[in-house]
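Beneath this line is the structure, given in structure tokens, with notes to follow.
The values are calculated or read from the model by the stated rules, or taken from the named source; none is laboratory data. Here the structure is a predicted model, which is why all the values come from computation and not from measurement. Note: ideal-geometry Cβ built from the backbone for every residue, glycine included; neighbour counts use all protein chains shown. Side chains are part of the model used for accessible areas, which takes the heavy atoms of the whole protein and leaves out ligands, DNA and RNA. Shrake-Rupley method; radii C 1.70, N 1.55, O 1.52, S 1.80 Å.
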Amino acid sequence: MTATGLWPPTAQEVVLLLLGVVAAASALLVVTTRQIVHAALWLVVSFGALAGCYLVLTAEFVAWVQVLIYVGAVVVLLLFGIMLTRAPIGPSADLNSGNKVMAAIVALATAAVLVTTVVDGFRQAYAPLVPGRGAAKALGAGIFRNWVLPFEALSVLLLAALIGAIVISRTDIGGKD
Amino acid sequence: MHVVYPAVLAALLFSIGVYGVLARRNTILVLMSVELMLNAVNLNLVAFDVWLGDALHGGQGLTLFVIVIAAAELGVGLAIVLAVFRNRRTVAVDRLHALAEPGDDPDGSGDPDGPGGSDDPDGTQDSGGPGARPARPRGGAV
């Protein structure tokens, strides 16, 4: 399939656009909702829609890793954090700090600059979707053949983060006073 | 698939994350916004990996690495948040502007776990020790 115009979008692009609308809208709800537990649950919707975007982009292994780690682990970790900091369950008025207007201005400026640059730079870029490019076999071969050293370094990093989290959160390990 | 669609979506998600980091007060909500920004980067990586047709799968491999690093970052970040909550009884980022711990005076005269203990109304005690920090000029301490 050759490169066509930006409009009308193909069926895959329509699916990606719909998933993108879901992801962006739920992300907007994450940063604007007044109930902190709802923010975590909207984060699940956003991450799930992003996993759908990965699936449309033929990155299926990344999509399942996204579901497993983000939707499964990260959101549960965030909910544990919400629970352990005794956040109120109902709507709370003080979730936003005072610089909301300035934050909106900065975010809109960032969005304007990024969208303008991206649209200007990649208007003609067309990626043909080949099914199976992001399957577990191809990705595993890539990681364990070419990216073994970063993979091993990542395991050391995970161990360090694990030990660090335990040391920080335990109370019976004192400092060197 | 035009690269513009996922790239613009990633830019929008990143901007939403920027807004959340700047506007939210609760530290856990700030961490959620950071995760949104990392996801925007991941979407960019996947889209450009598909576009370039990288034989080494660099983009999607880096996406997996970013996901793992984000999980590690969130683990350490939540541990720090819980430690701060244990000491200060709050996780509001705009109330955590004291560099010293509440009970960190050299002569031990401060109360260690008072509510809202980050605001030490008398900034005169912390001078004279070897690890003394100069009192910040602070207008209108509540």
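Can you tell me which residues in the stretch A:100-114 are within 13 Å of B:Arg24 (Cβ to Cβ) and open to solvent by less than 80 Å² (accessible area, probe 1.4 Å)? Hits for the stretch A:100-114 are A:Ala103, A:Ala104, A:Ala107. I'd like to know if the stretch A:115-135 contains one or more residues that are over 19 Å from B:Met1 (Cα atoms), aliphatic (A, V, I, L, M) and under 24 Å from the mean Cα position of the chain (by Cα). No; the residues of the stretch A:115-135 include none that is over 19 Å from B:Met1 (Cα atoms), aliphatic (A, V, I, L, M) and under 24 Å from the mean Cα position of the chain (by Cα). Number of residues in the stretch A:116-138 that are within 7 Å of another protein chain (Cβ to nearest Cβ), surrounded by fewer than 17 Cβ atoms within 10 Å (Cβ to Cβ) and not small (Gly, Ala, Ser): the value is 4. For the stretch B:13-29, filtered to residues that are without any contact (Cβ under 8 Å) to a residue 24 or more places away in the chain and open to solvent by 10 Å² or more (accessible area, probe 1.4 Å), the residue that is farthest from the other protein chains (Cβ to nearest Cβ) is B:Val21.
Considering only residues in the stretch B:49-78 that are surrounded by fewer than 22 Cβ atoms within 10 Å (Cβ to Cβ) and outside any helix (DSSP H, G or I), the one that is nearest to the other protein chains (Cβ to nearest Cβ) turns out to be B:Leu56. B:Val46: free of Cβ contacts under 8 Å to residues at least 12 places away in the same chain and either open to solvent by 10 Å² or more (accessible area, probe 1.4 Å) or at the interface with chain A (Cβ under 7 Å from one of its Cβ atoms) (or both), yes or no? So B:Val46 fails the test.
Does A:Leu129 satisfy the condition of being in a loop (DSSP other than H, G, I, E, B) and within 25 Å of B:Phe14 (Cβ to Cβ)? The answer is yes for A:Leu129.
Of the listed requirements (1) more than 27 Å from A:Asn99 (Cβ to Cβ); (2) over 15 Å from the mean Cα position of the chain (by Cα); (3) surrounded by fewer than 16 Cβ atoms within 10 Å (Cβ to Cβ), A:His38 misses just one: (1). Is the stretch A:50-59 home to any residue that is free of Cβ contacts under 8 Å to residues at least 12 places away in the same chain and open to solvent by less than 50 Å² (accessible area, probe 1.4 Å)? No, because not a single residue in the stretch A:50-59 is free of Cβ contacts under 8 Å to residues at least 12 places away in the same chain and open to solvent by less than 50 Å² (accessible area, probe 1.4 Å).
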